[in-house]
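Everything below concerns the one structure shown next.
The values are calculated or read from the model by the stated rules, or taken from the named source; none is laboratory data. Keep in mind it's a predicted model, so treat the numbers as computed, not measured. FYI the Cβ positions are ideal-geometry reconstructions off the backbone, even for glycines, and counts take in every protein chain you see.
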Amino acid sequence: MSGQELVKRQRGHKARLELTCDQSALLDEQASAAITLWNCLHAYWTHFPGRRPTPAQADQAIRQARTDFPFLAALPAQAAQAVLKTYRQAWENFFNPDHPARRPTFKSKKNHPRLAVDVPQVRNMRIVRLSTGWGALTLPMVGRVRFRWTKDLPGVGKNSPAGKVTGGRLIKDAFGWQMVFRTETLLAPACVHPGPQVGIDRGINVALALSDGTMREHGDWLTSGEKEHLRRLEKKSARRRASRPKKTRPSHRERRTYDQIARLRAKAKRRAIDWQHQTTTELADTFGVIKVEKLPIANMLRSAKGAVGAPGKNVSQKAGLNRSISGQAWGRTVTLLEYKSADRGGKVVEVPAPGTSQTCHRCGHRDPASRNATVFACVNPACGWVGHADTNAAININNAAGLVVSGRGDLGVTRSLKRQPPRAA
């Protein structure tokens, strides 16, 4: 291994921060300033439809805005430069035909999914480990902050893995502020995974059905008591929203109810992600080649409302199906499998989706009448195979040919998972 070239691996690690009320308020101000700066950049950028400003001109505009508007000075200068970099990257992704990004637009603090502030420079963080479960770092214009130490960071401490922390990003969710560390380590290339090949069918009744006949299932993400609590909170918020005059701000009680609802939903999401991480790790450790369907998930989640002149049918049923598909997070499952399989020398292969659930894996006869809910009964008189429909689809996926999307091997064209670097304006 002495002459073997090392490969660079970049990962993110999330840690919960322990903040005082004043520190949390400062981060809220920084996040609000970051959204305002994004909107100022977008207004400045779209003011020149024929010729976009150069990075130097945009940087000068940011400096002038921070001087003219004192509330923008709450955002550190490095974080303001990160907003500019992210904004330019958003345009690069939009003009890239291989990237699914939409056109950049204005952001609303009210409707923004989560507040975030970049910390691009790591040299001023001064990350140290205080005890078994706690660490400390320095945030710009905030001060010294403690965070939960749940995983060793590369390059921090004596027994830490070789590597370094390249930066971070502060993100606020329903439980408060957290730091996402960007880490970089050098590792030897993984050997080819010796495990077998498997096909996986992603479904609603069964989360993951494997071609070997096994299944990976989970229960409800919330307990019965938590579901009842969520139902009561949603009814309470609906009553208060109906009694409040239109175009008026919600009261503190109504906001507190919204926060309680957000925490319960965030708890369910955290449990779902934890199950996905454990399941995908077990699959990546066991199998060398994992085949999945190439599903157009965005098209599958389209609403069935239709237009005013041509209203859709079974709108409520389709809305319930969309919620079930979103709850399973099929795309996130494949994303986790991709990088975990690549780390272990395996690979993930995408195969065409049409026909996998309507074709008998034994005789190859295709007929929609063969499938009835979760039961597949081949209508071919010469076959007559009967079994679980998801297992039959997984076997068809395993037998199909596809394209490698990550990992080692040459089964097809390998798709790059990295974003295109920004070009000079």
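Tabulated data for the structure shown
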| read-out | value |
| --- | --- |
| Test: residue in segment 195-204 that is within 30 Å of Ala25 (Cβ to Cβ) and either hydrophobic (A, V, I, L, M, F, W, C) or not in a loop (DSSP other than H, G, I, E, B) (or both) | no |
| Tally of residues being in contact with a Lys or Arg (Cβ under 9 Å, 6 or more places away or on another chain) and either among the hydrophobic types (A, V, I, L, M, F, W, C) or at pLDDT 85 or above (or both) across segment 42-71 | 3 |
| Some residue of segment 298-310 being surrounded by 15 or more Cβ atoms within 10 Å (Cβ to Cβ), more than 21 Å from Ala207 (Cβ to Cβ) and small (Gly, Ala, Ser) | yes |
| Cys363, sole failed condition from (1) closer than 19 Å to Asp212 by Cα; (2) not polar (S, T, N, Q); (3) not in a loop (DSSP other than H, G, I, E, B) | (3) |
| Residue in segment 338-361 that is nearest to Gln197 (Cα to Cα), counting only those that are in contact (Cβ under 8 Å) with a residue 60 or more places away in the chain and hydrophobic (A, V, I, L, M, F, W, C) | Val349 |
| Sole residue being surrounded by fewer than 14 Cβ atoms within 10 Å (Cβ to Cβ), outside any helix (DSSP H, G or I) and in the same structural domain as Thr166 (by TED's automatic domain parsing), chosen from Arg63, Arg103 | Arg103 |
| Residue among Asp201, Asp98 that is acidic (Asp, Glu), surrounded by 12 or more Cβ atoms within 10 Å (Cβ to Cβ) and within 25 Å of the chain's Cα centre (by Cα) | Asp201 |
| Test: residue in segment 222-230 that is assigned by TED's automatic domain parsing to the domain that holds Ser324, in a helix (DSSP H, G or I), touching a Leu at 6+ places or on another chain (Cβ under 9 Å) and surrounded by 15 or more Cβ atoms within 10 Å (Cβ to Cβ) | yes |
| In segment 7-51, residue farthest from Gly155 (Cα to Cα) [restricted to those that are among the aliphatic types (A, V, I, L, M) and in a strand (DSSP E or B)] | Leu17 |
| Residue that is farthest from Lys294 (Cα to Cα) [pool: residues in segment 205-221 that are in a loop (DSSP other than H, G, I, E, B) and touching an Asp or Glu at 6+ places or on another chain (Cβ under 7 Å)] | Val206 |
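Let's see how each residue does on (1) surrounded by 15 or more Cβ atoms within 10 Å (Cβ to Cβ); (2) of a type in the set (Lys, Arg); (3) in the same structural domain as Leu27 (by TED's automatic domain parsing); (4) in contact with a strand residue (DSSP E or B) (Cβ under 7 Å, 6 or more places away or on another chain):
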{"site": "Trp149", "(1), (2), (3), (4)": "yes, no, yes, yes"}
{"site": "Arg169", "(1), (2), (3), (4)": "yes, yes, yes, yes"}
{"site": "Met179", "(1), (2), (3), (4)": "yes, no, yes, yes"}
{"site": "Arg232", "(1), (2), (3), (4)": "no, yes, no, no"}
{"site": "Ala238", "(1), (2), (3), (4)": "no, no, no, no"}
